[in-house]
Amino acid sequence: AIEIKAMHKWYGQFHVLKDINLSVRHGERIVICGPSGSGKSTMIRCINRLEEHQQGHIIVGGIELTDDLKKIDEIRREVGMCFQHFNLFPHLTVLQNCSLAPIWVRKMPKAKAEEVAMKYLERVKIPDQAHKFPGQLSGGQQQRVAIARSLCMSPKVMLFDEPTSALDPEMIKEVLDVMIELAEEGMTMLCVTHEMGFAKTVADRVIFMDEGQIVEENEPGEFFNNPQNDRTKLFLSQIL
Ligand code: ATP
Ligand code: MG
C-alpha cells in the first residue's frame, strides 16, 4: 500500500530524514516509536504531503508523490490522518465535521453524507454527540470524532500521530479501543505512539527511529524482548 524508498528530507540545512526505506503491505499495522525529535511526525506527514521530501520516492497506492497537485489530492483522498490535537472545526457540529469532506470532496449528497457520518459515529460509540460542538465534548470524545471523520472518507490507509498523547489517562483506552477495532477490521495503519501495550497487541511490525533514521524494525515480540540496537535498548529501558 505504501512504498518509501531511499527518502531524504531537509528542513533548510537540517537533514531531518535520512535514507528512509519502508514498505507497508495492504492490511499491515505498523507502530513507529522513537525519541522526541527523531523524525516520526515528519515521516508520516510526508506520506500525505503535509511535508515535502527532497530525495527518494514515496508511492502510495501505486501513485508516486511528486509536485503534481492532482496526484497529491488523489493520495489524500485515500489516506486518513489523526493527530494529537484533533483539529476539528470548532464552529461546526460533530455531524457537520464528519460530513463536510464527503460532501465537498466526494460530492456526496448531504443526506447520504450524514447517514455515513452517523454510521461511523456509532462505530466510535458517540452517536448521541452528533449535534454538539467539539468544545462541548471530552478530549477522548473529540479524538473519536476525528477518527470517525477520517473514516467517512473511506480511507485505504490511516495514519495516526500520537492520537492519545494529549488525553487524560481515563480517555486513552476509549480511543485505543477504537484503533484496535479498526486494526481488527483489516485497516492498513501507521501509528506513531508510545502506547507499547497497543504496539504489542496490534502491530505486525514495530519501527524504531532515531536521529532521522529507521534504526530497528521487527515484529513486536522480538522488538520488545530482544532489541538489537543499543539506541533501541536505551529507549525501551526508559519507557517500559
Ligand atoms: P516528537 O516525539 O516530539 O513528536 P518527532 O519524532 O515527531 O518528535 P519531528 O516532529 O518529526 O519529531 O521533528 C524532527 C526534527 O525536525 C526535530 O529536530 C524538529 O525540531 C525538526 N522540525 C520539525 N518540524 C520542523 C520545521 N517545520 N522546521 C524546521 N525543523 C523542524
Ligand atoms: Mg511527533
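For the pair Lys173 and Ser154, how long in nm is the line joining their label points, each one 7 Å along Cα→Cβ?
3.5
With the Cα gyration tensor of the chain in hand, convert its eigenvalues to equivalent ellipsoid semi-axes via √(5λ) and list them largest first in whole Å.
The equivalent ellipsoid of the chain has semi-axes of 30, 22, 15 Å.
What are the ³J(HN,Hα) couplings of region 119-131, residue after residue, when phi is run through the Karplus curve with 6.51, -1.76, 1.60 and θ = phi - 60°? Round to Hz, x for glycine and proline.
4, 6, 5, 5, 5, 8, 6, 9, x, 5, 9, 3, 9
May I ask you to evaluate 6.51 cos²θ - 1.76 cosθ + 1.60, the Karplus curve with θ = phi - 60°, for each residue of region 189-197 and list the ³J(HN,Hα) values in order in whole Hz, giving x for glycine and proline?
Rounded to whole hertz, the list is 9, 10, 10, 7, 7, 9, 7, 6, x.
With a/c under 1.5 counting as rounded, go ahead and sort region 102-204 into rounded, prolate or oblate using the C-alpha gyration tensor (a ≥ b ≥ c being the square roots of the eigenvalues; past the cut-off, prolate if a/b is larger than b/c, else oblate).
On the way: a/c = 2.23, a/b = 1.38, b/c = 1.61.
The shape class here is oblate.
In degrees, nearest 10, range 0 to 90: what is the angle between the Cα axis of helix 169-184 and the longest Cα principal axis of the chain?
The two axes meet at around 90 degrees.
Cα centroids of region 154-206 and region 88-129: how far apart, whole angstrom?
Answer, in whole Å: 21.
Can you list residues whose amide H is under 5 Å from Met81's amide H, if they're 5+ apart or on another chain and H is modeled 1.01 Å from N?
Sorted by chain and number, the residues that satisfy this are Leu159.
Return a whole-number percent for the relative contact order of the chain, with Cα pairs under 8 Å and 6 or more residues apart as the contact set.
Dividing the mean separation by the residue count of the chain yields 27 percent.
Take Lys71 and Gln213, extend 7 Å from each Cα along the Cα→Cβ direction, and tell me the distance between the two endpoints in nm.
2.9
Where a ≥ b ≥ c are the square roots of the eigenvalues of the C-alpha gyration tensor, would you call region 10-92 rounded, which needs a/c under 1.5, or, failing that, prolate if a/b is larger than b/c, or oblate?
rounded
Using the Karplus curve 6.51 cos²θ - 1.76 cosθ + 1.60 with θ = phi - 60°, what ³J(HN,Hα) values do you get for each residue of region 211-228, in whole Hz, with x for Gly and Pro?
Once θ is set to phi - 60°, the couplings for region 211-228 become 6, x, 10, 7, 8, 8, 8, 7, 6, x, x, 5, 4, 7, 8, 9, x, 9 Hz.
Starting from 0.36 nm per residue, how many nanometres of slack lie between Phe14 and Leu240 once their C-alpha separation is accounted for?
Net length gain for the segment: 78.3 nm.
Using DSSP, restrict attention to beta bridges with both residues in region 96-219 and report what percent are antiparallel, rounded to the nearest 5.
Looking only at bridges with both residues in region 96-219, the antiparallel portion is about 50 percent.
Compare the peptides 119-125, 76-82, 165-171, 183-189 by average per-residue count of other Cβ atoms within 10 angstrom and give them in order, highest first. Mind dumping the intermediate values first?
Details: 119-125: 18.1, 76-82: 21.1, 165-171: 13.4, 183-189: 16.3.
Going by the mean number of other Cβ atoms within 10 Å, highest first, we get 76-82, 119-125, 183-189, 165-171.
Put a dot 7 Å past each Cα toward the Cβ at Asn229 and Asn87; how far apart are the dots in nm?
2.7
If you line up the long axis of helix 230-239 against the longest principal axis of the chain, both from Cα atoms, how many degrees apart are they, to the nearest 10?
40
Values in this text are rule-based calculations from the coordinates and carry no lab data. Because the structure is predicted, anything quoted here is derived from the model rather than measured. A quick note on method: Cβ atoms are made from the backbone with ideal geometry, for glycine too, and the neighbour counts reach across all protein chains shown.
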